[in-house]
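Structure record follows, encoded as structure tokens.
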């Protein structure tokens, strides 16, 4: 027994000895070999120059300003006053620099094991540095390196689209080696979405050094890959025009081609992205946070709103698929409906009602009761399925980061979200774009492009990525052509028939344009109206935050759509009166600047017919021939 114990101890001793010997002689060899190599070789990374962003006409939206950074030699003694003396020397040349911050930065990175210069001033503009470059370059304790700083020439005009670059954090540094070395990364907008492209790729220099880390020779060198540019479809002349047109109104405007190319995208109010490049001050940040207009929020894709009546065409398409003949049936509007035995009235916006209503009239005059009745016949699940298919309540896929999905509810959604059943009353409210419905303006613009062409596009900002053109994408979604034609006719009537909800601001005589505009208005309530209120308070008499959001979404020319314009004015009131004039002025700008090809002016008889108050029964053939759509006599 004793012999076995002795042999076991002997075996364990030699086992440990062999393992330790393997670790020291073989495994650790790689580690010590690496340390030894680092003692004779130094790898310095070469930073790439960030690519520029240009608009469709070649105007620069994001550029790099040339300057220099200043670094101090390592191992400057704090006790002996060497660090303080070096900082005071720099202050003699640049009195505005903060000595306290410089000392704090130096202390943070100072270490006996660090043999590299420590950067204490990140950027000095070129013109300021060149006055003292010769003197500073003679100081052995100071190292000058070329640097670039991001600058946005158009400032607030395109802030939500272009975004901005800011200092990177630990998480961003760990995820991207280029960001870790550069210390800057895209934080929002295109700067974030295309960050990997714009930042380029690191280069490096491998040098042979002595024991004091002094360079003896260059062993290898690889140049960085820089200046990967991004050209976008945005036209800054149009973008500026729209921004100034809004006059500080909290609003969203999108101008897009039916193929999905975004020419203008304004989220108002905005902010100056240049504030963030070097680190925003507490004062400026609080000003942004306390602004009730939410200037820092990209309302194009990061804010959701009830769509109101602009959703009605989508509900109509859901009805066209739900069952044969459902959409062809007329509904009678007496100003309200009740459900089953309930006395609760779901009211139309017109307290007098619209009488007998068909599809075309329902769009032209935006009858709520028509859609109440249709929704009860088809149910919320079928409505939701179709609306999502044509782009509502789903991400558009635009090349901007952190896009919101929004909400188009159905029974399963409510059960998951609130653990409650779905009620019929919620169906009728959802059918007119209220209740749980919440979507982004970009979704409405995309959905409008589908209504105009029958094809659902993916909105795109990028036109050329590093010199290569980007091809827009669209998918065709089949619906009954006859119903699509009636919907388009109704949208033309919205602007060009005296009973249309946008006639006063967007009829052809008012705009002075030689082509017809098709549209749908929406007045999305933000507060409910109690049942005991018999007479609604006028929108203009409501407190600002109780006013409805004003929508209008349009396309033109109606015969052959070339542009989509969607406008949302927060708490603007009625869509036709608040958002309509904005859309009309943008169309005039597009026409005057050659975006819309010159249509021959309409003949006097045709113009009179387009704006007359004759009934559709009297002029159906003329109206249909004028718009190039299917002929349909409306009862």
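The values are calculated or read from the model by the stated rules, or taken from the named source; none is laboratory data. Computed from a prediction, not measured in an experiment: that's the story for all the values here. A quick note on method: Cβ atoms are made from the backbone with ideal geometry, for glycine too, and the neighbour counts reach across all protein chains shown.
Below is a table of values for the structure above.
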{"read-out": "Single residue of the range 331-341 satisfying the filter (assigned to a loop (DSSP other than H, G, I, E, B) and without any contact (Cβ under 8 Å) to a residue 40 or more places away in the chain) that is surrounded by the most Cβ atoms within 10 Å (Cβ to Cβ)", "value": "335"}
{"read-out": "Helices (runs of 4 or more DSSP H) within the range 220-297 that include 1 or more residues closer than 30 Å to residue 183 by Cα and touching a residue at least 60 places away in the same chain (Cβ under 8 Å)", "value": "236-246, 274-277"}
{"read-out": "2 or more residues assigned by TED's automatic domain parsing to the domain that holds residue 328 and modelled with pLDDT of 95 or more: qualifying helices (runs of 4 or more DSSP H) within the range 474-560", "value": "481-496"}
{"read-out": "Segments classed as helices (runs of 4 or more DSSP H), wholly inside the range 123-182, with at least 2 members that are farther than 30 Å from residue 77 by Cβ", "value": "126-129, 159-162, 170-175, 177-182"}
{"read-out": "Subset of the range 347-370 that is assigned to a loop (DSSP other than H, G, I, E, B) and more than 14 Å from residue 330 (Cβ to Cβ) - its residue that is nearest to the chain's Cα centre (by Cα)", "value": "366"}
{"read-out": "Test: residue in the range 75-86 that is under 46 Å from the mean Cα position of the chain (by Cα), part of a loop (DSSP other than H, G, I, E, B) and without any contact (Cβ under 8 Å) to a residue 12 or more places away in the chain", "value": "no"}
{"read-out": "Members of the range 451-481 found to be out of contact with any helix residue (DSSP H, G or I) (no Cβ under 9 Å at 6 or more places or on another chain) and in contact (Cβ under 8 Å) with a residue 60 or more places away in the chain, listed by number", "value": "453, 460, 463, 464, 467, 472, 473, 481"}
{"read-out": "Yes/no for residue 29 being modelled with pLDDT under 75 and in contact with a strand residue (DSSP E or B) (Cβ under 9 Å, 6 or more places away or on another chain)", "value": "no"}
{"read-out": "Single condition residue 180 does not satisfy, out of (1) within 30 Å of residue 84 (Cα to Cα); (2) crowded, with 20+ Cβ neighbours inside 10 Å", "value": "(2)"}
{"read-out": "All positions within the range 188-242 that are modelled with pLDDT under 95 and either on the phi > 0 side of the Ramachandran plot or under 17 Å from the mean Cα position of the chain (by Cα) (or both)", "value": "200, 213, 227"}
{"read-out": "Out of 374, 385, sole residue that is more than 30 Å from residue 459 (Cα to Cα) and in contact (Cβ under 8 Å) with a residue 24 or more places away in the chain", "value": "374"}
{"read-out": "Tally, over the range 485-527, of residues that are closer than 13 Å to residue 451 by Cα and either touching a helix residue (DSSP H, G or I) at 6+ places or on another chain (Cβ under 8 Å) or free of Cβ contacts under 8 Å to residues at least 24 places away in the same chain (or both)", "value": "10"}
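Condition check ((1) buried (at least 17 other Cβ atoms within 10 Å of the Cβ); (2) touching a residue at least 40 places away in the same chain (Cβ under 8 Å); (3) under 40 Å from the mean Cα position of the chain (by Cα); (4) farther than 20 Å from residue 47 by Cα) across all residues:
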| position | (1), (2), (3), (4) |
| --- | --- |
| 106 | yes, no, yes, yes |
| 111 | no, no, no, yes |
| 119 | yes, yes, yes, no |
| 126 | no, yes, yes, no |
| 134 | no, no, no, yes |
| 141 | no, yes, no, yes |
| 149 | yes, yes, yes, no |
| 153 | no, yes, yes, yes |
